[in-house]
1. Report whether or not Arg191 is open to solvent by 10 Å² or more (accessible area, probe 1.4 Å), in contact (Cβ under 8 Å) with a residue 60 or more places away in the chain and either hydroxyl-bearing (Ser, Thr, Tyr) or farther than 13 Å from Leu87 by Cα (or both).
2. With the requirement that a residue be modelled with pLDDT of 75 or more and exposed (fewer than 10 other Cβ atoms within 10 Å of the Cβ), what does the stretch 21-52 give you?
3. Report every pair of residues separated by at least 6 positions or lying on different chains whose Cβ atoms are under 7 Å apart, first residue within the stretch 100-117 and closer than 11 Å to Val143 by Cα, second part of a helix (DSSP H, G or I).
4. Please go through the stretch 129-160 and pick out each residue that is modelled with pLDDT of 90 or more, outside any helix (DSSP H, G or I) and more than 19 Å from Gln97 (Cβ to Cβ).
5. Within the stretch 166-183, identify whether any single residue is open to solvent by less than 20 Å² (accessible area, probe 1.4 Å) and assigned to a helix (DSSP H, G or I), and answer yes or no.
6. Name the residues in the stretch 1-17 that are at pLDDT 80 or above and either assigned to a loop (DSSP other than H, G, I, E, B) or polar (S, T, N, Q) (or both), would you?
7. So, of the residues in the stretch 83-100 that are open to solvent by 80 Å² or more (accessible area, probe 1.4 Å) and outside any helix (DSSP H, G or I), which turns out to be nearest to Leu58 (Cα to Cα)?
8. For Leu65, indicate whether it is under 16 Å from Gly170 (Cα atoms), touching a residue at least 60 places away in the same chain (Cβ under 8 Å), surrounded by 12 or more Cβ atoms within 10 Å (Cβ to Cβ) and of a type outside the set (S, T, N, Q).
Amino acid sequence: MTQSARDDLDFRALMGDVRPLGRARNRADPGHATRGPSEAQLARRESAAAEPQGRDFLSDDFVDLIPPFDPLEYRRDGIQQGVVDRLRHGGYAAQAQLHLLRRPLEECRRALPSFIREARAHDLRSVLIIHGRGREIDSAPNVLRSYLAKWLAQFEEVQAYVSAGQADGGLGATWVMLRKSERARTANRERQQKRRG
């Protein structure tokens with residue numbers, strides 16, 4: 001007996017008492033169609049409507065994961081490389097810090113917009129965000145760090161960001177340079193006018 005014939009007999013033995021469905025019953029019953037949204041859907045809608053304004057633009061969609069030993073760097077047009085280098089080496093004092101280490105992604109997504117806006121409202125220019133990263137050479141990419149790089153570029157208030165130097169947390173922290181508020185620009189102009197006499 002050939003292998004094919006043995007396989008056929010084994011299959012028939014296993015399927016012995018199975019009968020095909022009749023024509024009238026050849027589809028699965030999907031149940032009754034629901035007329036409106038479920039309670040869970042209503043709860044999610046209500047929760048989304050209650051979210052504070054300003055968070056909506058931070059996407060939690062797909063993000064390219066950044067390897068743990070790749071430094072972060074971003075600057076808007078018009079920002080000089082010297083400013084970014086000074087920021088990287090801690091040349092600006094940390095006027096505020098946000099600790100996101102070991103916090104869930106959704107919580108970080110809620111905390112970041114209020115932190116950035118509050119810092120700008122208090123005329124802060126340089127802030128430090130501590131997020132962590134893998135410690136081993138073969139560590140998996142840090143998801144929060146990857147999302148943070150995507151999110152910070154979406155803020156109009158952010159002019160530049162760069163991975164911190166080793167003394168400030170290294171690749172597990174990011175320096176952020178915020179745009180000057182109109183109030184700070186006015187004060188700066190007045191100081192320059194006084195110097196010129």
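The values are calculated or read from the model by the stated rules, or taken from the named source; none is laboratory data. In this text the structure is predicted, and so the values were computed from the model without any measurement. Positions of Cβ are backbone-derived with ideal geometry, glycine not excepted, and every protein chain shown enters the neighbour counts. Surface accessibility is based on the protein's heavy atoms, side chains included, excluding ligands, DNA and RNA. Shrake-Rupley method; radii C 1.70, N 1.55, O 1.52, S 1.80 Å.
1. So Arg191 does not fit the description; no.
2. Correct list: Gly36, Ser38, Glu39, Ala40, Glu46.
3. Leu105/Val143; Leu105/Leu144; Leu105/Tyr147
4. Ala153, Gln154, Glu156
5. Looking for residues that are open to solvent by less than 20 Å² (accessible area, probe 1.4 Å) and assigned to a helix (DSSP H, G or I), one finds at least one in the stretch 166-183, hence yes.
6. The answer is Thr2, Gln3, Ser4, Met15, Gly16, Asp17.
7. His99
8. Criteria not met by Leu65.
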